[in-house]
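In what follows, a single structure is set out as C-alpha cells and then discussed.
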Amino acid sequence: MKRKDGEEQRRRGQNEGSIYQRSKDGRWVGAVTLDNGKRKAFYGRTRAEVARKVSRALTEMEQGLAPADDRITVKVYLESWLDKTVKPSKRYSTWRGYEQVVRLYLVPEIGKTRLSKLSPDDVEDMVNRLSDRGLSPRTVQYTHAVLRVALQKAVRHGKVPRNVAALVSPPPVKREPVEPLTKREAKALLKAAAGDPLEALYVVTLALGLRRGEVCGLQWSDVDLKTRRLFVRRALQTQKGKGLVEVEPKSRSSRRALPIPPFAVVAFKEHRKRQAAQRLSMGSDWRAGNWIFTMEDGRPVAPDYVNVAFPRLLKRAKIRHIRFHDLRHSCASFLFAQGCEMRLVMEILGHSQIALTANTYTHLLPEGDRRAADAMQSLFG
C-alpha cells in the first residue's frame with residue numbers, strides 16, 4: 001500500500017500498531033494507538049527492531065501501563081516520581097530528603113538527559129562530578145541511592161529496560177565510630193540536668209534510647225508508672241508549611257513497649273508535679289493536651305527545640321560535645337556493658353533488623369561476644 005509521500009506501509013488493525021519504511025531515508029517507523037486516541041511512533045533501522053518496540057508497547061498497554069515516552073527527561077520523570085510515588089507512600093522526612101537530592105543534585109547534573117538514553121557512564125560521570133565539587137562521600141552515596149530507587153520504579157513500569165544506577169558503585173563511606181558517653185560523663189550530664197524543665201526528657205532518652213521525635217511525642221497515656229511500662233506509639237515532626245505534626249514511628253518495630261528503670265520513674269513523677277504547677281500558674285492560657293514534655297504554655301516540645309536546649313546542658317555539665325542522638329547510642333553502650341544480648345538491645349532501640357544493631361554497635365560488644373563474631377566470620381565470611 002502506498003502513502004501519498006511515497007512511503008511503503010503495512011498496516012495492522014486498530015490498536016495493533018502499524019509498521020512502514022520511509023522512502024526518504026530508509027528508516028522503519030512503527031506506531032500504536034493509545035487509549036486516549038493519540039498515536040505514538042517508534043523508530044529503528046530494521047523492521048524487526050521496530051516490531052520489538054511496538055510489541056513491547058502493546059504488552060504494556062495490555063498491562064495497564066502507558067508505553068514509555070522516549071522523549072521524557074530525567075527531570076520530568078523524577079519530579080513525577082516524587083509527586084505520585086514517594087509523597088503519598090513515604091514519611092514526610094523521607095520525601096523531603098529525596099526532594100532535596102533531586103532538586104540540588106540530580107536535576108542540575110542529569111535532568112536534561114532523556115530517561116531512555118541515560119547510561120551507566122552518565123551516572124558514573126555524575127558521581128565523579130559531585131565528588132569533585134567537594135560533597136561528602138555520604139551525600140554522594142545518598143544521591144546515588146535516591147536515583148537507584150527512582151530508576152527501579154521506572155524498570156518495573158517498563159519505562160527503561162534496566163537500572164543503570166545499579167550498575168555504578170558509589171564512593172565508599174567510612175562509618176564514623178559511635179562514641180557514647182562514659183559512665184562518668186553520663187552521671188555529670190544527669191547531675192547538670194537536675195531541675196531543668198526537660199530533665200525527665202534527658203533521663204528517659206538515656207535510659208531507653210528513644211529517638212528525638214519519639215520522646216517529644218510521648219503523652220501521659222503512654223506511660224504506666226505503677227507497672228513501669230512505656231509505650232512508643234507516635235513521633236513528632238516539624239514539616240514545612242504544616243508546623244509540628246504527629247507521625248507514625250519510623251518502622252513497625254519502632255512501635256514498642258519498654259520497661260522503665262526506677263530512676264526514670266522518679267524523674268517522670270517529679271516532672272508531672274512541675275507540669276501541674278505550671279499548668280495552674282498559666283490558668284486559661286495553658287494549651288489543652290496530654291503531652292508529657294511541654295513548653296510553658298502547654299504546647300508540646302518540638303524536636304528542633306531539643307537540638308537548641310541540649311548543647312546548653314552539655315556546657316553546664318562540662319563534657320565534650322555530642323549530638324542528642326548520641327544519648328541513644330549511649331543507652332546501647334550501657335546495655336551491652338551490663339551483658340544484655342544483641343536481640344534485647346535491638347528491641348529496646350526499635351531497630352527493624354538485628355543486622356542494623358550489630359553493624360552499629362559491634363565495637364561495643366564485650367570481648368567474648370566479639371570473639372564469637374570473629375569465629376563465625378572465619379567460618380562463613
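Read-outs: derived from the displayed coordinates by stated rules, not from any lab. Just so we're clear, the structure is a prediction, and the values are computed from it rather than from any experiment. Cβ atoms come from the backbone with ideal geometry, glycine included; neighbour counts cover every protein chain shown.
Calculate the FRET efficiency for LEU58 and LYS242 from the Cβ-Cβ distance with a Förster distance of 35 Å, rounded to the nearest 0.05. Walk me through the numbers on the way to the answer.
Working: r = 44 Å, r/R0 = 1.26.
Using R0 = 35 Å, I get an efficiency of 0.20.
Can you compute the modelled spin-label distance between THR46 and ALA355, with each label point 7 Å from Cα toward Cβ, in nm?
4.2
Which lysines, on any chain, are close to LYS191 with Cα under 21 Å apart, when same-chain ones fewer than 8 places away are left out?
LYS183, LYS269, LYS273, LYS315, LYS318
Span-like helices, the chain: DSSP H, alpha-carbon axial extent 24 Å or more, mean Kyte-Doolittle -1.0 or greater, which ones?
Long hydrophobic helices here: 137-156, 262-282.
Pop a pseudo-label 7 angstrom from the Cα along the beta-carbon direction at both CYS340 and LEU225 and give the gap in nm to one decimal.
2.3
Compute the distribution of all C-alpha to C-alpha distances in the range 183-370, in bins of 10 Å from 0, and list the percent of pairs in each, rounded to whole numbers.
Taking all Cα pairs of the range 183-370, the binned fractions are 9, 35, 38, 15, 3, 0 percent.
Before rounding to the nearest 500, sum -39500 (n - 2.57) across all DSSP H runs of length at least 4 in the chain and divide by the residue total; then give [θ] at 222 nm in deg cm²/dmol.
-14000 deg cm²/dmol
With labels modelled as points extended 7 Å from the Cα through the Cβ direction, what inter-label distance (nm, one decimal) is found for ARG138 paired with LYS112?
Output for this residue pair reads 3.3 nm.
Most fluctuating residue of PRO180, PRO311, PRO303 in a GNM of the chain with Cα springs under 10 Å: which is it?
Of the options given, PRO311 has the highest mean-square fluctuation.
So if R0 is 45 Å, what FRET efficiency would ARG252 and SER23 give, r being the distance between their Cβ atoms, rounded to the nearest 0.05? Working shown, then result.
On the way: r = 62 Å, r/R0 = 1.39.
The value I calculate is 0.10.
In nm, what is the difference between 0.36 nm times the number of residues separating HIS157 and GLN100 and their Cα-Cα distance?
Numbers: separation 57, 0.36 × 57 = 20.52 nm, distance 2.42 nm.
Full-extension gain reported as 18.1 nm.
Would you please give the FRET efficiency between LYS183 and THR85, computed as 1/(1 + (r/R0)^6) with r the Cβ-Cβ distance and R0 = 51 Å, to the nearest 0.05?
0.60
The range 74-167: percent of C-alpha pairs farther apart than 17 Å?
Everything past 17 Å amounts to 45 percent.
Just GLU246, GLU341, GLU49 to compare: in a GNM of the chain, with alpha carbon springs under 10 Å, which one fluctuates most?
Looking only at GLU246, GLU341, GLU49, the largest GNM fluctuation is found for GLU49.
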